[in-house]
Every structure is written in structure tokens, then in C-alpha cells.
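Visitor: Can you read through this structure? Questions will come right after.
The values are calculated or read from the model by the stated rules, or taken from the named source; none is laboratory data. Note that the coordinates shown come from a computational prediction; the quantities given were computed from them, not determined experimentally. Cβ coordinates were reconstructed from backbone atoms using ideal geometry, including for glycine residues, and neighbour counts include every protein chain displayed.
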Amino acid sequence: MLRLACRAVVLAAMPFALSTGAVTGSEPSPGLHGRVRAVKVVVLSTMLADSGIGEWGFAALVEADGHRILFDTGARPDTVLKNARELGIDLAAVHDVVLSHNHGDHTGGLVALRREHAKANPDALSRAWVGRGIFLPRVPAPPSAGMAAVKAAYEADGGRFVELDEPRELFPGVWLTGPVPRVNPERNWSGTGRIQTDQGTVEDNLPEDQALVFDTDRGLVVLFGCGHAGVVNTLTYARKRVREAPVYAVLGGLHLFEKDDAALDWTADRLRPLGIANLLGAHCTGLEAVYHLRARLGLDRGRCVVGAVGASFTLDGGIDPLKLAR
């Protein structure tokens, strides 16, 4: 199976400028090609909440064989901070952050979380992995200058970004897809935004959108932020570049809340052959979309649920949706 480590570049302090070259220090080494034995994912930001704060946003804490990663950071600066504390989760020991894409409902907590936890640990949340294109100027400009402002503040507080243009194995069996090719006709973005590139201004289809993939003996476990690249496109790419295995679990936001029944049927019919055993649809997946996929995929209410703050997934235990979504 072809497994290529990507070329990573560390972003310079100047907005939108890139400095190329090898990443040094404590960077994970590419080409590790392991399997993950234990995975735990806990939702820290989404709309539904048994306890804590619900919001239009997404974040989750991941543990994989002792490695901890914060995947996205929610919308408001303090949502993930407060929800983690209420759940008894200490983020100060977490070094790595993954940002699935540039939208503020996934990046809004990054700077506040870095500042707060750096008080206890200077390395806390100090390395953020992003897909190429996340810093390109958007038209019209987002509120508060969008990722340009986030980048400046995060770097001023000692954080640094690592930009990926190909899949990268962060730890044995833990992969980031990097930007996902759009080979299927999924349009899981608003269609209203524009982006400035070297070729001019084009439609903003969130080219940087990426997912986190865990290669386990049960199959692939894939964590999405919004799935703007399309859940089918992303899973197809993950199976091509990581391992052509069944997809044991799909977790996170899939941006299907606006899709009609025909689009949901199309999606489910292409997911079914992948052998999906668990689906936790949070954030922009949509309530009706989760139930539609449940029926079309032949899953039961224990294996296909709406994600809530505090809900979790483990390889051995499956999904714990808490009370409200059970």
C-alpha cells in the first residue's frame, strides 16, 4: 500500500508568507506506519449538550496510544476551556492541535486555549497542524480578519503552524489527510465565499479541509470537523493513502444538515460498502441527516447517534452518547 509522508512547511510570522524547509525538533517522524491499539475521542464543542455549553462549533480531544491531540477549538474563546474543565479534562499537557479548516466555529478558541494553558505548561497547545490554503485571503474578509488575526495572535503567544499539502503520519497509525481531492460531486460548503489565489479569485471550496485518521485492527476511525471536502471523498482518500480497510467509525461534523433526501441517499449508498459500524454525527451533520443515514446504513440507535458535548467513542466500548442523544 502506498503511504507517502507529506512535505510540511512551517509558516513564517508574516501573514500568508511561507518559509519552506525541513521541520526539526520534536516533529513526529514520517513513515511510522503503525496501528493504533487504543482510541478515545471526547466531544468538547458542538450544539447539543447534556451539560456544559453548547454552541455552533466543533472540538474534540483525542487520545491514541497515549498521544493526545486537540482537534479543532470551538467557536467562542471560552467554550472548550469551560467544557473541558466541567468534564475534568486537563488540556495543559496537550501539545498538538489540529485545525480542520479556517472557519471561526473551529478556530475561535485556539488563542485563548493556548494563552490559558501556557501558564502551566509552555508547550501546551503550541503546535497547530493545518492544511495548505487555510491562510489564503477570503473574500469578503471574515470578521476580525479571520485566520490572519488568529495566526498573528497565536504566533505572538509562542505557537507555530505546520502546513500540510499531503497526508502525514503524526504518530504510529495516526494520520492527517491534508487537503482532500474532490473526485466525487459533493458540494458540502456554502458556495457564497471567494478565495484569492495566485490564479486569481475563485470559489472558496475550503481547499484546506482535512480529517484525522486512526488506523486500527478494526478498520479506520475518521474524525471530521465539517467534512467540507465531502465525507465520501475523504474516506475514499483515507483508504487510498492510509490503508484500504473497512471504516469502523465516522465521527464529527459532516455538513449534511442542508441536504435533501436524494443527496443523503447518495451519500449513504456510497458509505454502505465501506462497512461503517459506528457514526457519531455532531455539529453541522444535522439531526435529520443522522437519522436518515442510520436508517439507510442499517445501523441501530446505539451505533449511529447525534453527538453531544461530553459524548465519547472508544474502540472497545463504541459510542457513549450520554443521556440526551441516547
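Visitor: Scan the stretch 152-177 residue by residue and report those that are touching a helix residue (DSSP H, G or I) at 6+ places or on another chain (Cβ under 9 Å) and within 22 Å of residue 245 (Cα to Cα).
Guide: Correct list: 166, 167, 175, 177.
Visitor: Let me ask something else about it. Given the conditions (1) out of contact with any helix residue (DSSP H, G or I) (no Cβ under 9 Å at 6 or more places or on another chain); (2) surrounded by 15 or more Cβ atoms within 10 Å (Cβ to Cβ); (3) of a type outside the set (Phe, Trp, Tyr), and given that residue 139 satisfies all but one, which numbered condition is not satisfied?
Guide: (2)
Visitor: Could I ask something else about it? I'd like to know if the stretch 156-177 contains one or more residues that are touching a residue at least 40 places away in the same chain (Cβ under 8 Å), part of a helix (DSSP H, G or I) and either among the hydrophobic types (A, V, I, L, M, F, W, C) or buried (at least 17 other Cβ atoms within 10 Å of the Cβ) (or both).
Guide: no
Visitor: Has the stretch 194-204 got at least one residue that is under 21 Å from residue 270 (Cα atoms) and either crowded, with 24+ Cβ neighbours inside 10 Å or touching a Phe, Trp or Tyr at 6+ places or on another chain (Cβ under 8 Å) (or both)?
Guide: There is no residue in the stretch 194-204 that is under 21 Å from residue 270 (Cα atoms) and either crowded, with 24+ Cβ neighbours inside 10 Å or touching a Phe, Trp or Tyr at 6+ places or on another chain (Cβ under 8 Å) (or both).
Visitor: Which of the following residues is at pLDDT 95 or above and either polar (S, T, N, Q) or crowded, with 18+ Cβ neighbours inside 10 Å (or both): 38, 59, 8?
Guide: The unique qualifying residue is 59.
Visitor: Another question, if that's okay. Filter the stretch 304-314 for residues that are buried (at least 20 other Cβ atoms within 10 Å of the Cβ) and farther than 25 Å from residue 266 by Cβ and give the result.
Guide: 308, 309, 310, 311, 312, 313 - these are the residues of the stretch 304-314 that are buried (at least 20 other Cβ atoms within 10 Å of the Cβ) and farther than 25 Å from residue 266 by Cβ.
This table checks each residue for (1) in contact with a Leu (Cβ under 9 Å, 6 or more places away or on another chain); (2) surrounded by 18 or more Cβ atoms within 10 Å (Cβ to Cβ); (3) over 23 Å from residue 213 (Cβ atoms).
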residue: 258; (1), (2), (3): no, no, yes
residue: 267; (1), (2), (3): yes, yes, no
residue: 275; (1), (2), (3): no, no, no
residue: 282; (1), (2), (3): yes, yes, no
residue: 285; (1), (2), (3): yes, yes, no
residue: 302; (1), (2), (3): no, no, yes
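Visitor: Which one of these does residue 102 not meet: (1) touching a strand residue (DSSP E or B) at 6+ places or on another chain (Cβ under 7 Å); (2) surrounded by 16 or more Cβ atoms within 10 Å (Cβ to Cβ)?
Guide: (1)
Visitor: Need a quick list: strands (runs of 3 or more DSSP E) entirely within the stretch 276-326 having at least 1 residues that are touching a residue at least 12 places away in the same chain (Cβ under 8 Å) and among the aliphatic types (A, V, I, L, M).
Guide: Output list reads 278-282, 304-306, 318-320.
To keep it simple, each residue is scored yes or no on (1) over 30 Å from residue 215 (Cα atoms); (2) in contact with an Asp or Glu (Cβ under 6 Å, 6 or more places away or on another chain).
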site: 156; (1), (2): yes, no
site: 170; (1), (2): no, no
site: 178; (1), (2): no, yes
site: 189; (1), (2): no, no
site: 193; (1), (2): yes, yes
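Visitor: I need the full set of residues from the stretch 227-256 which are of a type outside the set (A, V, I, L, M, F, W, C), more than 16 Å from residue 106 (Cβ to Cβ) and crowded, with 24+ Cβ neighbours inside 10 Å, in order please.
Guide: 230
Visitor: Only one of 232, 222 is outside any strand (DSSP E or B), out of contact with any Pro (no Cβ under 6 Å at 6 or more places or on another chain), at pLDDT 95 or above and not polar (S, T, N, Q); which?
Guide: The match here is 232.
Visitor: Something else about it: Only one residue in 252, 227 is assigned to a strand (DSSP E or B) and touching a Leu at 6+ places or on another chain (Cβ under 6 Å), so which one is that?
Guide: Answer to the check: 252.
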